[in-house]
Amino acid sequence: MLQEASLYGFVRTILIILLVYYGLKILSRIFAPYLVKYMSKKMQQKFEGQFGQQQQEQRHKEGETVIDKMPKKHRSSDNKVGEYIDYEEIE
């Protein structure tokens, strides 16, 4: 069953597309300020949380030794890549 495109269907499709486009444009103008305000509050909370962590790290008394994490273990000296050779200039 083959259907033919009609002028009425084409115009109706164009009008629906325009209606959706302008509807989204109007709704974005209404809700965009609220969305930006919400996002800025979230970013502010995130930055305050990071700043609070830095403040906690700085609360230690001067001269106090604080170890946050264990140091990484280095490779053993048995796994040498090569031998160091000292060169001298010959004139």
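Since every read-out is calculated from the coordinates, none of them should be taken as a lab result. Treat the numbers as computed from the prediction; the structure is a model and nothing was measured. Reconstructed Cβ throughout: ideal geometry from the backbone, glycine too, with neighbour counts over all protein chains shown.
Tabulated values for the structure
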item	result
Label-point gap, in nm, between Ser6 and Met43 - each point 7 angstrom along Cα→Cβ	5.2 nm
Ranking of Ile67, Ile26 by count of other Cβ atoms within 10 Å, fewest first	Ile67, Ile26
Neighbour net charge for Val36 - beta-carbon separation under 13 angstrom, K R +1, D E -1	+4
Sorted by Cβ neighbour density within 10 Å, fewest at the top, the residues Thr65, Thr13	Thr65, Thr13
Residue order, fewest to most beta carbons within 10 Å, for Lys25, Lys69	Lys69, Lys25
